[in-house]
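Trainee: Quick one: structure below, then a few questions.
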Amino acid sequence: MSSFSVRYAVTFCLLLAFSINSFAQTKAFDLNRLDTSADACEDFYQYANGGWLKNTEIPASQARWGSFNILNENNNNTLKEILENAAKTKSPAGSSLQLIGDFYSTCVDEDAIEKAGTTALAPYFQQINNIKDVKSLQKQIAAFHSMGIGAIFGFGVFSDAKNSSMNAANANQGGLSLPTKDYYLKDDAKSVETRAKFVEHVANMFKLLGDDADKAAANAKTVLDFQTRLAKASMSPVELRDPEKNYNKMDLAKLAAMSPNFSWTGYLINRGIPQVKEVIVGQPAFFTEVSKMMTEVPLEQWKTNLRWNLITSTANRLPKAFVDENFNFFGKYLNGQKEMLPRWRRCSSATDGNLGEALGQEFVKKAYTPAAKKKMDEMIDNLFAAYRERINNLDWMSAETKTKALAKLGAMKRKIGYPDKLRGYVGLKIDRTSYLSNTLRSAQFQIARNLKDVNTPVDKSRWGMTPPTVNAGYFPVFNDVTFPAGILQPPFFNFAADDPINYGAIGGGIGHEITHGFDDEGSQYDGDGNLKSWWTPEDREKFEARANCVVEQFNGYEVQPGLFINGKLTLGENIGDLGGLILAYNGYKKSMQGKPQPEKIDGFTPEQRFFLGWAQVWAAKSTPQVQRVLVASDPHSDPRFRVNGPFSNLPEFAQAFGCKVGQKMVRPNPCKIW
């Protein structure tokens, strides 16, 4: 669910991080969540969460609202306290408190932002106006990339997927404002309406810059036409999930042949990395089209699109009129939100996004304990042991592939809580002069630091998430699982809860991330994190047949009338849930060996509470608008089916609740992989 705009690594995430208002959870499982009028064997999601769903409304500032976001609320309140105290305190220059305090102060100072207007962007608009030929156009694209302004494509330095111990330059498709290419190309009524609303939004933004109505409308049409051409050359979300197709290493000669009208040599010089002689290209056909556009699209249209890139990239850092217009389209229209989050909450997120390591240092002092790490380590140990047993007992995998699967599992590392080694922000200037300037300097600092990694050994101790993040992930090129401090709170991880609840909730999450190392994408990487086949052809064929069972199962789930889950897009996450839950269940059973059988709690057996633990995490309500966006673009299935989908494949669930063949929660031909 979480991914980088430049595909640093295929990042498999357990959760969507939502920003919410909520209430503190005081019980491991609240019986008021239940809908006992529902049959647990027909619709377990409704049975486990129906009471909550009935009594819960989506707050006006939200597109989605879920019970597990209690955790995010608690974290946000902690961050608010940290940031407000830091803003009131004069701390030593360069310290974490000075950086986050000054950054947050400028973000919440709306009067200063209104007074500044778009003045800080004037030099960049002038640079666009000064473009006189293709060479200067390409120089401006490089300049925008160096300052964190999205323009046409993405470029960064990340692990080489086929030589994971070394960093390499990577280039990937980009340039689209709407969620996926289909938004530009489909002809159904909703897609046509969305494009019309988008053009209206773009025109409104150009008006705010000073264009008259006719010019703004013409410019908006130019932006849509420009992006539509990019969309036609772009890969779909499903195609982007194929790591082999998205790995194309090219030397300068091949780059020139792929895109003859784009000077890669000039681009690399302009980015300050002339020593780069090879680039890993994600989508060659996209760059071939960009090359054609260099000469086929008039310079004035390129300039218009670059103006759009600049203003849409910075909109939320500008005066209220820009923020409101940006929200009206992306928040209200696309996602169904009725109002914006409070300013402090948006600024908290912005501080984490720009200075996450510094903010994280303060967060873990308040919200994380060594005891949490110790308990997580114990649970992970149990799940690793359960996975070893599962692999050894597979009846469809050969001994040769099992040996390599066990080797990969044995090499998998874990990151829990926060990084042991900090990179720091030496050289980054953050002051109380300008919010926009702070964000631009932050982007330039981090991008420049990233480029310095090119052609150097990978530091696999680095984290891809900040400590306060409410998420978890598996990074295939690192072959590691990450659980930030932010997620190690109720309802996922609760010291007051019984083990079955915790194994169902955070244990299911741990198993989910471990299983990502062996899903349809992660299974293509070896134990060292290299994109390299370690399967026998026969075993791979058997795996893909079993994975196709999951594709077909989820293709049949209807989120709203006529809107079905894309089983191929969500395959990795669905395999993660299916494998993760059986791992967590077996891990729980392993943890109980030699111990007395626990008593029922609230009338539920330990086995039943395990499944309730997972189900309560996914209680959620969504606007119809955001459901459409997520079905088109998100590799995670709708929450209802993250419960009913995997459970209906598990005989352990059927046994726990006495479900029989013929009931909806017992699939006649269950999917089984790991």
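Only the coordinates and a few stated rules stand behind these numbers; no lab work does. Being a predicted model, the structure only gives us computed values, none of them experimental. Neighbour counts are summed over all protein chains in view; Cβ atoms, including those assigned to glycine, are modelled from backbone coordinates with ideal geometry.
Trainee: Extension gain T605-V134, at 0.36 nm per residue separation less the Cα-Cα distance, in nm?
Mentor: Taking 0.36 nm per residue and subtracting the Cα distance, the gain is 162.6 nm.
Trainee: Moving on to the next point. How high is the relative contact order of the chain, in percent, counting Cα pairs under 8 Å that sit 6 or more residues apart?
Mentor: Reported relative contact order: 22 percent.
Trainee: Something else now. Where does each of W535, W264 land when they are ranked from fewest to most other beta-carbon atoms within 10 angstrom?
Mentor: W535, W264
Trainee: Can you give the FRET efficiency for K595 and L299, using 1/(1 + (r/R0)^6), R0 = 60 Å, r = Cβ-Cβ distance, to the nearest 0.05?
Mentor: After rounding, the FRET efficiency stands at 0.25.
Trainee: How do Y267, Y387 line up, fewest other C-beta atoms within 10 Å first?
Mentor: Ranked by crowding around the Cβ, least crowded first: Y267, Y387.
Trainee: Additional query: Over 32 Å between Cα atoms, which of K115/K452; K139/K245; K181/K421 qualify?
Mentor: Listed pairs above 32 Å: K115/K452; K181/K421.
Trainee: Within a Cβ distance under 14 Å of P468, other residues only, what is the Lys/Arg minus Asp/Glu net charge?
Mentor: -1
Trainee: Under the rule of -39500 (n - 2.57) per DSSP H run of 4 or more residues, summed and divided by the residues of the chain, what mean residue ellipticity at 222 nm is obtained, to the nearest 500 deg cm²/dmol?
Mentor: -16000 deg cm²/dmol, from helical runs alone.
Trainee: Pull out the extension gain between T456 and E110, defined as 0.36 nm times the separation in residues minus the alpha carbon to alpha carbon distance; nm, one decimal.
Mentor: 120.4 nm
Trainee: Quick one: which residues, 5+ away or cross-chain, put their amide H under 5 Å from the amide H of K415? H built at 1.01 Å from N.
Mentor: Amide H neighbours of K415, under 5 Å, 5+ apart: V481, T482, F483.
Trainee: Of the lysine pairs in region 522-613, how many meet both conditions: Cα atoms under 20 Å apart, and a spacing of 8 or more in sequence or different chains?
Mentor: Going through region 522-613 pair by pair, I get 4.
Trainee: Additional query: Report the gain in length on full extension from A448 to N316: 0.36 nm times residue separation, minus Cα-Cα distance, nm rounded to one decimal.
Mentor: Going from the current span to full extension adds 45.2 nm.
Trainee: Once region 122-327 is represented by equal point scatterers at the alpha-carbon sites, with solvent omitted, what log10 I(q)/I(0) does the Debye formula produce at q = 0.08 Å⁻¹?
Mentor: Here the Debye-derived log intensity ratios amount to -0.29.
Trainee: What is the spin-label model distance, in nm, from V661 to F125 if the labels are put 7 Å beyond Cα along the C-beta direction?
Mentor: The modelled label-to-label distance comes out at 7.1 nm.
Trainee: Determine, from the Cβ-Cβ distance of D528 and A257 and an R0 of 25 Å, the FRET efficiency 1/(1 + (r/R0)^6), rounded to the nearest 0.05.
Mentor: 0.20
Trainee: Within the set K186/K303; K375/K621; K429/K460; K88/K429; K88/K415, which residue pairs have Cα atoms separated by over 23 Å?
Mentor: In this structure, K186/K303; K375/K621; K429/K460; K88/K415 exceed 23 Å between Cα atoms.
Trainee: Which ³J(HN,Hα) values, rounded to whole Hz and listed in residue order, are derived for region 428-444 from phi using the Karplus coefficients 6.51, -1.76 and 1.60 in 6.51 cos²θ - 1.76 cosθ + 1.60 with θ = phi - 60°, glycine and proline given as x?
Mentor: Going residue by residue, I get 8, 9, 10, 9, 9, 7, 8, 5, 4, 5, 4, 5, 5, 5, 4, 4, 4 Hz, with x marking Gly and Pro.
Trainee: Kindly put D539, D212, D324 in sequence by how many other C-beta atoms sit within 10 Å of each C-beta, fewest to most.
Mentor: D212, D324, D539
Trainee: Using R₀ = 35 Å, calculate the FRET efficiency as 1/(1 + (r/R₀)^6) where r is the Cβ-Cβ separation of K190 and A545; round to 0.05.
Mentor: 0.50
Trainee: Over every pair of different alpha-carbon atoms in region 188-286, take the mean of 1/r and invert it; report that Kirkwood radius in Å.
Mentor: Result for region 188-286, one decimal place: 16.5 Å.
Trainee: Label points 7 Å out from Cα along the Cβ direction at N669 and T433: separation in nm?
Mentor: Result: 6.8 nm between the two label points.
Trainee: What Kirkwood Rh does the chain have if only Cα atoms enter the pairwise 1/r average? Answer in Å.
Mentor: 26.2 Å
Trainee: A further question on this structure: For labels at E57 and E339 in the simple 7 Å Cα→Cβ model, what's the distance in nm?
Mentor: 1.2 nm
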